[in-house]
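Here's the structure we're looking at; comments come further down.
The values are calculated or read from the model by the stated rules, or taken from the named source; none is laboratory data. Quick caveat, the model's predicted, so the values are computed rather than measured. Note that we place each Cβ from the backbone using ideal geometry, even for glycine, and neighbour counts take in every protein chain shown. We work out accessible area using only protein heavy atoms, side chains counted, and drop any ligands, DNA or RNA first. Shrake-Rupley method; radii C 1.70, N 1.55, O 1.52, S 1.80 Å.
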Amino acid sequence: MLISDDESAWILDFDSAEVAASDRDLDRDVAELLVGLSVKVGVAATVDSAVEVLGAEAVARTLPQLQPLALPTEIRSLARRHKDLLKDLSTAIRDSTGAGEVELERLQRIKPRTILMIVAGSLLLLIAPIRRRVVGPVVGILKSAGGHLGAGFTSPIRVLALFGGSAMITFAYAATLGFSVQAFGGGLSVPEICTAFIVAVTIATIAPTPGGLGALEATMIAALAGFGMDHGPAVGAVLTFRLATFWLPILPGWYTFAWMQRNGEL
């Protein structure tokens, strides 16, 4: 909703509307509006105006939705910045409408522990195929790589380049995901974003597709949504992250690889 200079109210973004919204969705829309207006004009004025225009019954139905998990990312962040806003708003609604104590709707987000359990279960299911098809070849590769690593560890500069470069790449990827999340509304903390990144990368590592294509996106979207980000912005953030870290580097990576081959670097 936008208030223009002549104090006219405009409702925008009809492309995000639902044709057949349920009563629950409509109540949640009213709850979001109440929270947003309470920040601008105060709790008392917002509730009085809502009861006058919508009626006491319609306003009272928003009580089960006045909790952080029921609100979208932007409104939830707004409520966090104003301590006790949801509590004061619920109290004012009960006082104005005569509604009694209402049990909050039970909502659940995916917890990090649940995600880790899913990862562990996936690893257990893949242990047998991995042992048969992967472990043998990997052991051979590791033996060969061990000799090269031993030579590399004789030079402190190479050791610093090896571990420093790996750490910087991981940090850059996590930061890119953080910027992508922020571009689509944010609302998540740095530890939550890093956890979503680590879990998604872990799943992508054991996926049979190149670069974990598909597996990483699905896991990362589920993790971000589990931490409270709306599914639409989560999809946009993850696709932006993959565009920046997977698809765009393909052309310069191919050119660099070809140059290194021509110059005997590989």
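Structural remarks
- Computed with a 1.4 Å probe over protein heavy atoms only, the accessible area of Phe227 comes to about 30 Å².
- Difference of contour (0.36 nm per residue) and Cα-Cα distance, Ile169 to Arg81: 28.3 nm
- Theoretical gain in end-to-end length, Glu101 to Ala244 [0.36 nm per residue, Cα-Cα removed]: 46.6 nm
- Among His82, His231, the order of accessible area from largest down is His231, His82, computed with a 1.4 Å probe on protein heavy atoms.
- Environment charge of Glu74, counting only residues whose C-beta is closer than 10 Å and scoring Lys/Arg +1, Asp/Glu -1: -1
- Rounded percent of accessible protein surface that carbon and sulfur make up, the stretch 193-266, 1.4 Å probe: 73 percent
- Measuring between their Cα centroids, the stretch 176-192 and the stretch 25-77 lie 26 Å from each other.
- Extended-chain gain in nm, criterion 0.36 nm per residue less alpha-carbon gap, Lys40 and Ser189: 51.1 nm
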